[in-house]
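The values are calculated or read from the model by the stated rules, or taken from the named source; none is laboratory data. Values in this document were obtained by computation on a predicted structure and should not be read as measured data. Counting neighbours? That spans all protein chains shown, and the Cβs are built from the backbone with ideal geometry, glycine included. Calculation scope for accessible area: heavy atoms of the full protein, side chains included, ligands and nucleic acids excluded. Shrake-Rupley method; radii C 1.70, N 1.55, O 1.52, S 1.80 Å.
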Amino acid sequence: MRIFRNLRQALRGLGQSKGNTFLMTLGILIGIGSLTVIVAIGEGTKAKVLERIANMGFGPESFSVIAGSGRLFFARTENPTSMTLQDADDIRAMPTVRIVVPRQRVSIKAVYRANFTETRVYGATPDWEEARGWVLSDGEFFGDEDMERKRRVIVLGATPAKKLFEGEDPIGKKIRLGQVSFEVIGLLEEKGLTESGYDPDDRALIPLTTSMSRLLHQTHLDSIKVVAVSPEKVGEVMEAVRQLLRRNHNLSPLAEDDFRFITPEGIMQWVTQSEQALNRMLILVSTVSLLVGGIVIMNILLVSIRERVREIGIRRCFGARRSDITQQFLFESVFVSLLGGVFGVVFGLGVCFLLERFDLLPTRVTWEPFALAFAFSSVIGLVFGIQPARQAARLSPEETLR
Amino acid sequence: MSLIEMRSITKVYRNSGFETEVLKGISLDIEEGEYVSIIGPSGAGKSTLMAIMGCLSLPTAGTYTLDGEEVEQMSDRRLSRVRNEKIGFVFQAFHLLKGVSAIDNVMMPLMYSENVPKDAAGRARAALTRVGLGHRIQHTPGQLSGGEQQRVTIARALITQPRIILADEPTGNLDSKNGAEIMAAFDLLNAEGATIILITHEQEVAMHARRIITLKDGQIETDRRYENLPQSEAGPAGAGAK
Ligand SMILES: Nc1ncnc2c1ncn2[C@@H]1O[C@H](COP(=O)(O)OP(=O)(O)O)[C@@H](O)[C@H]1O
Ligand SMILES: [Mg+2]
């Protein structure tokens, strides 16, 4: 078969110009290698993000209502005062709602003797413990009586407990938040830092009534955590809550919500979106690197064709058709691309291994980069091989030999 | 019908607006088995004429019929096949593939044949042996002398058993001893029946042929046949010109 003969001529040609072959292979190697690494990093990061959401404490049947318009964690209006205990009570009255935890939140300096630390203090109801599903490592959570009497009791997260007490047993000790002194009655079990560096243990909880009348001296809420009776009801409950709050807050039909929701689904969407943005960026980066590889191949082929015009002319004199020359050059570039693809994948896997080994970036190796590398490098070989090949074949034998 | 029939062939090169008429109406016939020299000063258009004869380029006007087939009507495929099967080229600058062994160079035309003979390598080896290079088949052009390289190109020109051998100044890059060896090879080939068209600007080389065509300024000046004379003694003045 003529085509196999041309393939053989191509392989011979590559063997005879080892320098060019090496450079072209290197160009593709770099493109495919970075593609492999980038895909692996993308996959690794995605896995870590999903893990983090699971750690955020959102069960599938719960969501939070946050005061102020905006989206998820991002507020558009500052310090709104419209959300009240009345809202929380009205939500609690809904039949599809199981638990409602109204909350206030403040960042404040906590002091124990000479030690101090700034931490997030939440005023909440005793239901918080069940709604959040967070176990205590010592002592107990505050109860209804603490709420009624507005007692100055506090449950500490692991981070302020360590910073203030440095190994001393905090239970029964008094600490100060601003000028107000609190007795430590419980300790939250430690969760540990998340991937992004967020510290869920850097918090403390006090009864909402205490927070309202003794610490913050304000009655509006910062957020309400809602647990529906089942995950399927969440959407329905959210819509009911929206209507209720708009009514309670006397919003005109045209006004936007002065509150926003954080739901596991919303976070997922948000993560998915940022993931898509990330993926798009990664695809862009790897496409660029592949293009660079392709252009390297094309340029080297073009240059080598200029060097090899004589060879083309000689072959044409002795019976090579235009298509024979085209095929020979196509085979050369496809072969080089595939070779570069294989080495590129190996190189990429090596880099991934090192990234994991030295804990630099999360990576996860999947089969996609292999398929992509194979497809991309063949396409590059074809696309970038065609132009020089056709150019080579178009020359008339007489001209090429002058 | 002659093997080669040219009628009023002209060739015009157009380069950035200006035209050069290199061939100005060439008409000639060459029969099967002839031994023809084309002679003339540098720039006369000899190589241009050979390129047209060898189907390496097409004439601007006129008709060229090769072995009964009009060349202007041929597709690239057909032209390639004709070059492969009917013509063998020998060039002044050898034009061997660099870095490729002698045997692979000689085999190259067979790679573009309609049917590759089973024993392509054996044929290439035999062709090299015939030109006295049986012991050098794995040498690359860089490892061979000029005379040896030209003998490789002769083996390459013969490998497809073409009807016509076209040689453009085959001795131009060789010393006289190597030149004489190459010319002896052509003489032998012609004696065996091959049609040989030899381009040269050296009288002495031209005298190996039985017919000498003088080209000047793109036109045929003289066209003489010298029959039945021992070539080494022949001279254009003393020979029985027709
Ligand atoms: N592609 C071209 N463009 C313009 N002029 C050319 C081209 N090829 C050849 N010529 C001119 O045609 C003339 C004949 O060239 P050539 O056939 O090589 O002569 P010869 O082989 O007899 O020395 C020369 O003057 C040369 O400069
Ligand atoms: Mg010339």
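Within the range A:356-376, can one find any residue that is within 16 Å of ligand 1 (Cβ to nearest atom) and modelled with pLDDT of 80 or more? Checking the range A:356-376: not a single residue is within 16 Å of ligand 1 (Cβ to nearest atom) and modelled with pLDDT of 80 or more. What's the total number of residues in the range B:68-106 that are more than 9 Å from chain A (Cβ to nearest Cβ), touching a Phe, Trp or Tyr at 6+ places or on another chain (Cβ under 9 Å) and open to solvent by 20 Å² or more (accessible area, probe 1.4 Å)? So the answer is 2.
So for the range A:317-328 (the condition being polar (S, T, N, Q), touching a Gly at 6+ places or on another chain (Cβ under 6 Å) and crowded, with 22+ Cβ neighbours inside 10 Å), does at least one residue qualify?
Initial filter on the range A:317-328 (polar (S, T, N, Q)): A:323, A:326-328.
Keeping just the survivors that are touching a Gly at 6+ places or on another chain (Cβ under 6 Å) gives none.
No, the range A:317-328 contains no residue that is polar (S, T, N, Q), touching a Gly at 6+ places or on another chain (Cβ under 6 Å) and crowded, with 22+ Cβ neighbours inside 10 Å.
Restricting attention to the range B:8-61, the residues being more than 16 Å from B:Ala167 (Cα to Cα), open to solvent by 30 Å² or more (accessible area, probe 1.4 Å) and of a type in the set (Gly, Ala, Ser) number 7.
If the condition is being in contact (Cβ under 8 Å) with a residue 12 or more places away in the chain and either open to solvent by less than 60 Å² (accessible area, probe 1.4 Å) or in contact with a His (Cβ under 9 Å, 6 or more places away or on another chain) (or both), then the range A:232-247 contributes A:Val234, A:Val237, A:Met238, A:Ala240, A:Val241, A:Leu244, A:Leu245. Test B:Pro141 against the criterion of being away from ligand 2 (no atom under 16 Å from the Cβ), touching a residue at least 40 places away in the same chain (Cβ under 8 Å) and not polar (S, T, N, Q), and give yes or no. Yes; evaluated as a whole, the condition is true for this residue. Residues in the range B:107-119 that are at the interface with another protein chain (Cβ under 10 Å from one of its Cβ atoms) and open to solvent by less than 50 Å² (accessible area, probe 1.4 Å): B:Met108, B:Pro109, B:Leu110, B:Met111, B:Tyr112, B:Ser113. The set of residues from the range B:27-48 being of a type in the set (Ser, Thr, Tyr) and near ligand 1 (Cβ under 6 Å from one of its atoms) comprises B:Ser42, B:Ser47, B:Thr48. Of the residues making up the range B:29-44, not a single one is in a helix (DSSP H, G or I) and of a type outside the set (D, E, K, R).
Among residues of the range A:367-402 being surrounded by fewer than 14 Cβ atoms within 10 Å (Cβ to Cβ) and within 28 Å of the chain's Cα centre (by Cα), the one that is nearest to the other protein chains (Cβ to nearest Cβ) is A:Ala375. Looking only at residues in the range A:307-326 that are more than 7 Å from chain B (Cβ to nearest Cβ) and among the β-branched types (Val, Ile, Thr), the one that is farthest from B:Arg78 (Cα to Cα) is A:Val309. Just to be sure before I move on: is B:Val152 more than 10 Å from chain A (Cβ to nearest Cβ), modelled with pLDDT of 95 or more and either under 23 Å from the mean Cα position of the chain (by Cα) or open to solvent by less than 20 Å² (accessible area, probe 1.4 Å) (or both) in the structure I sent? For B:Val152, the condition - more than 10 Å from chain A (Cβ to nearest Cβ), modelled with pLDDT of 95 or more and either under 23 Å from the mean Cα position of the chain (by Cα) or open to solvent by less than 20 Å² (accessible area, probe 1.4 Å) (or both) - is met.
Residues in the range B:51-67 that are within 7 Å of B:Ile9 (Cα to Cα) and either facing chain A (nearest Cβ under 9 Å) or not polar (S, T, N, Q) (or both): B:Pro59, B:Ala61, B:Gly62. Of all the listed residues (B:Lys24, B:Lys118, B:Lys86, B:Lys98), the sole one being within 16 Å of ligand 1 (Cβ to nearest atom) and basic (Lys, Arg) is B:Lys24.
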